[in-house]
Structures are given as C-alpha cells and as structure tokens.
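To start, the structure under review is shown below, and the notes come after it.
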Amino acid sequence: MSKNNHLIQPESENPQIDNRAPENGSPDVYTATTGGGASCEHLSELRSRVGSNPFRNFPDCVKVRPLGRASIRRDPPQALVRCGVCQQAPHRLYTCVTCAAVFCHVHVALHPADVDVDDSDRSLHYIAVDIDRAELFCCGCRDQVYDRDFDAAVVLAQTEAAVIGSMQETPLLPVESTRKRRRVEYKPWTPDVNEQVLIVGNSNPFPSQMNNDSTTPEVQWGLRGLNNLGNTCFMNSVLQALLHTPPLRNYFLSDKHNRYFCQRKNSTIVTRSSDKTNKNPVLCLACDLDAVFSAVFSGNQTPISPAKFLYSWWKHASNLASYEQQDAHEFFISVLDGIHETMQNDKGKGPSPGSGDCCIAHRVFSGILRSDVMCTACGFTSTTYDPCIDISLDLELSQGTSAKVTSKKSHKSHKKKEAEPGKSSQNGRLSTLIGCLDHFTRPEKLGSDQKFFCQHCQVRQESLKQMSIRKLPLVSCFHIKRFEHSMIKKMSRKVDHYLQFPFSLDMSPYLSSSILRSRFGNRIFSFEGDEQDTSCESSSEFELFAVITHTGKLDAGHYVTYLRLSNQWYKCDDAWITQVSENIVRAAQGYMMFYVQKMLYYKASEKQVS
C-alpha cells in the first residue's frame with residue numbers, strides 16, 4: 001500500500017507494542033464510537049496498547065485526490081490492489097492498520113481470527129482502513145468507527161497543500177468576519193407592561209390604526225407610491241425594496257444618519273444648503289435617502305416624487321444621468337456604492353468593505369465569498385476570499401453557463417405549490433432558485449485555456465473551481481441574469497423563462513463549512529475555517545420580503561416590486577399600490593429577490609378574526 005509496512009506507529013522509540021493497560025483516570029483512556037454512536041471496544045483496546053496517538057504518522061500514507069477526497073497512497077501509484085484471500089479487486093477494499101494486509105469486504109471480518117499471531121496480539125488486527133475513502137472500519141463491530149486523531153491526520157493531509165497556497169496568495173480576512181459570535185435563538189418579541197407604557201407615551205398611532213371600522217382594510221406603515229418621473233420605474237422598484245429592508249429601515253428611522261447634521265459632521269460632503277455657489281456639487285446620497293425615508297414613513301399615503309434623490313444619483317453616476325430606461329440591478333449597485341462613498345467620508349475611517357463595518361450599506365448587504373481552485377493532478381488548492389453585496393445567478397442551467405458574482409444548501413421549500421401549471425423552462429425542466437444556488441456552488445471544470453499555475457506541480461495544470469459563501473450578509477440579494485449580451489453573435493435578448501423561488505430559504509448548504517465537510521468526507525475533526533463559520537450557520541435561515549420583476553422586452557420593459565409586510569403581499573407599481581395574493585407573487589417573473597435573516601423578520605402577529 002505505502003512505503004511503510006504498517007499504518008500505525010507506537011509512541012515509544014522501540015516499535016514493540018505497549019501491553020500495559022492505562023491506569024484508572026489516566027488521560028490516555030479514550031472511548032471511540034461506531035457509526036451508530038455506540039462505543040467500540042476494539043479501537044479503544046488498540047489505542048490503549050499502541051499509545052494515545054497511534055495515527056500521528058498517518059498523513060504520509062494519505063493521497064489527496066481532486067476536490068480534496070482522501071484515499072490510501074499506493075506504491076507504485078498505478079498498482080492494482082487485490083484481496084489477499086480471494087485475489088479479487090472489488091471497489092471496496094480494506095487494509096489492516098497493524099499488518100497492512102488487504103482484504104475485500106467479505107474477508108476483512110475474518111482477518112482477526114485468521115491472522116497468524118499470538119492470542120494476546122490478535123486484538124491489534126480488528127481495525128482496518130477503507131482504501132478508497134480513508135475511513136476506519138472495525139472487523140469485530142462490522143461498522144465504521146470514528147477516531148478524532150485519525151480524522152485529524154486525514155484532514156491535515158487534505159489541507160496541507162491548501163494551507164501553503166493560502167499563506168502565499170490568500171489575503172487575511174477582516175477581524176470582524178472571523179470572530180465567533182454567540183448563537184442567538186430566533187424568538188418573536190412581545191412588549192411587556194413597561195415597554196407598552198413607553199410605546200404609548202412616545203408614539204402617535206396612524207389614522208389606519210385608529211380606524212375602528214373592521215370592514216376597512218388596514219394600510220401598512222410605510223406603503224406609499226412613488227411617481228414615475230420619466231422612465232424611472234427602475235429607480236422606484238429598487239427604492240421600494242430598500243425602504244422596506246428591515247436593517248436599513250431601522251437605521252434611517254432611528255436617526256443614525258441625520259441629514260440636518262450631516263454638513264456639520266463632515267465638510268467634504270456637500271449638502272443642498274452648504275454650497276449654493278458651486279455649480280457641480282457632490283451631493284450626499286445618504287441625506288437624500290434619509291429624506292425619502294422620512295416622507296414615506298410620515299403616515300401620508302399620497303404618492304411622492306423622489307426628484308431630489310434622482311438628481312443626487314445623477315451626480316454620483318453621471319454616465320447614467322438621462323431619462324432613458326436603466327437596469328434596476330445596475331441602479332441597485334450604484335446606489336449602494338454611492339451610500340458607501342458618502343458615509344465612508346462621513347465617518348473618516350476606511351475599513352475594507354468586506355469587514356461589513358465601513359457603512360450601513362455594507363453592514364446590511366455585504367458578505368464574503370470563498371473561491372477554491374483545485375489542481376486535478378495533485379489536489380493542490382488555491383483559496384481566495386472576496387467581498388460581495390449580491391450574487392448573480394444564471395437562469396438557463398442546461399446551457400452549461402456558470403454563475404458569476406457582480407461586485408464585490410438543505411433548503412426549506414414551501415409546503416404549498418410554488419409554480420403555476422405549464423410554466424417551465426425551454427428544455428422542459430423547471431428552473432428554481434435552489435437549483436441556481438446548487439449550480440453556483442457546484443465544482444466547475446475550467447477549460448484548457450484557463451489553466452492555473454500549480455505551486456506544487458510548478459506547471460500550469462487543468463483545475464476545478466468551486467464557489468461557496470464564507471460569510472452571510474444580513475440581507476441576501478439574488479439577481480437573475482435575464483439580459484444576455486453576446487459580442488460574438490452581436491445580439492442581445494431577454495430570457496423570459498419562469499423561475500420558482502421559495503418564501504423561506506436555508507442557506508446552510510451553500511456555506512463554506514458545509515461545502516468543505518462534504519468535500520473532506522465524514523470527519524469529526526474541525527478543519528480550517530469550520531469554527532469561523534459557526535456564526536453563519538446559526539443565522540442561515542432567511543425570509544423573502546421583496547421581489548423585483550421585469551415585464552416586456554429588453555429595450556422596452558417595466559419594473560414592479562412586490563413587498564411582503566406582516567405576511568401580506570403588496571404590489572408597488574410606481575404610484576399605485578395594491579394588495580395581491582401569494583399566487584400572484586409566485587407566478588411573477590422574478591428579476592431580483594431580497595431575503596432577510598429570519599431573526600430580523602417578524603411575521604404578522606396572530607389576530608383573532610371574528
């Protein structure tokens with residue numbers, strides 16, 4: 001199997017087996033477990049006689065295959081391994097950790113009884129290793145067994161090359177993103193008596209809430225139409241989603257960015273009243289967004305015209321300053337970039353956007369992606385981390401295109417039917433958001449023209465690339481790539497295929513920790529990056545609260561936003577706001593979907609309807 005004639009090594013210099021049993025209470029006493037959770041006496045006996053860490057030299061016997069999968073090294077590498085009893089070469093073979101004898105799944109259980117050793121040493125031959133999977137197997141229990149030191153040795157061999165590459169290429173993660181946070185359980189909040197007194201004494205109810213007429217539908221707080229100023233439905237749709245993004249809404253409504261004091265705090269940002277002589281002032285986009293928040297949540301239901309905000313955005317993105325129809329996703333990226341620039345200068349400090357602490361835009365929408373590029377020849381892995389504020393996903397998965405990130409997995413499917421009959425993709429398969437995310441995190445073989453330089457092989461090799469999410473944002477925005485532009489064919493088109501999206505989404509299968517566990521196999525040892533992702537796993541459940549749709553053609557379409565407020569859906573079509581059912585939302589042609597962490601989303605309180 002390998003250059004060594006056995007897979008375990010006693011702790012002492014003398015390779016003789018230590019037959020002394022550990023004393024009671026000794027730290028060397030170790031309880032191993034089987035796949036069913038019961039303790040394995042055979043592995044415990046092996047450890048007590050060989051030593052507390054018999055697998056310390058085992059990494060030299062492990063070969064890492066592409067995608068990080070481990071197996072036992074063969075010498076020579078292409079040698080055909082056969083069972084020592086039947087001389088067959090089945091798919092599953094096992095090797096004894098003590099004598100390195102090879103057996104098939106039928107004869108491995110007979111090895112402890114047939115081995116030619118003293119009865120006192122027969123117990124050392126009960127533990128074997130699956131050659132192709134590098135997992136322990138007990139011949140006496142006839143089950144898989146788990147050992148922390150064994151798993152640590154395998155994971156060490158799997159990550160050794162990746163650690164070398166990451167030390168040379170991967171930038172350090174921000175301190176904020178690697179700090180392990182205490183898990184916060186999701187609990188709905190109900191004010192106690194003292195809090196109710198504070199609420200009643202320091203708030204004014206809206207007219208809709210004071211209406212005692214049960215036949216009049218209650219109007220949700222903050223529902224206000226936005227007038228179309230001339231092909232500005234792209235702006236109105238994104239603004240409606242931003243206005244009802246819970247963390248962003250709470251930030252502006254709690255006066256964290258006061259437009260009246262912005263000029264005093266920062267002289268580099270020009271507000272409307274600070275410089276009337278400058279013909280080309282750089283206006284504060286956050287101040288104008290704060291004004292829109294104040295107007296929308298004032299209680300007045302008359303539609304407003306966000307002309308000042310549009311003018312400020314034109315000043316920030318002068319290349320898009322026109323009355324032509326713009327892309328809603330491009331506008332969303334541009335607005336967050338404008339808020340980041342103005343509030344970055346306002347704070348006077350410059351942490352990286354990936355830290356999530358530079359401005360409110362990145363504290364809400366910023367996450368971190370992990371990209372692994374693996375050499376198919378030796379298994380060397382190069383890892384990089386990149387900040388992102390949204391994820392763009394391909395809709396037509398059948399064409400083999402890959403998902404991309406624009407800037408910087410088990411899921412909870414809804415129990416109800418989420419698609420209208422007859423709505424499917426062109427090839428007859430139904431496109432789903434879950435399928436797009438699966439495709440986004442699936443290993444992708446790079447073409448021969450995209451070979452990367454392997455630091456282990458010292459030549460350019462073919463490789464596999466896999467994306468995963470290192471840190472989840474508070475609000476996840478998914479952009480569906482419905483507009484295609486081909487420079488080769490010199491044509492552009494819109495993809496009108498239907499996309500099914502869930503109202504509740506679990507992002508844990510797409511986290512880096514989940515991807516790495518799946519890649520490394522069933523290990524109980526915490527590998528690199530596992531502990532840092534624990535905080536993400538505790539907040540991986542998301543709720544859908546806004547959907548931006550696009551109808552029409554590529555050059556002549558219309559944007560509409562569907563908002564989920566108190567578990568009721570509303571259609572925001574510029575100045576018109578109407579209440580709609582869930583089926584209308586599910587049948588819509590989703591272009592951008594906004595999900596907020598479940599702990600930040602509160603559904604409607606249960607009310608008794610008479």
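Here, each number is a calculation from the coordinates, and none is a lab measurement. A quick note: this is a predicted structure, and the numbers were derived from the prediction, not measured. Cβ placement follows ideal geometry from the backbone for every residue including glycine, while neighbour counts extend to all protein chains displayed.
How high is the FRET efficiency between LEU80 and SER254 when r is their beta carbon distance and R₀ equals 60 Å, given to the nearest 0.05?
So, using R0 = 60 Å, E works out to roughly 0.30.
Work out the FRET efficiency for GLN450 and ASP386 from their Cβ-Cβ distance, taking R0 = 22 Å, and round it to the nearest 0.05.
Calculated value: 0.80.
Starting from the 7 Å offset along Cα-to-Cβ, what nm value, one decimal, do you get for the label separation of ILE304 and CYS99?
8.3 nm
Given a cut-off of 30 Å, name the pairs among LYS256/LYS308; LYS256/LYS481; LYS308/LYS494; LYS63/LYS481; LYS256/LYS598; LYS256/LYS494 whose C-alpha atoms lie farther apart than that in the structure shown.
LYS256/LYS481; LYS308/LYS494; LYS63/LYS481; LYS256/LYS494
Using 0.36 nm times the number of residues separating TRP576 and MET599, minus their current alpha carbon distance, what extension gain do you get?
Between TRP576 and MET599, full extension yields 5.2 nm more.
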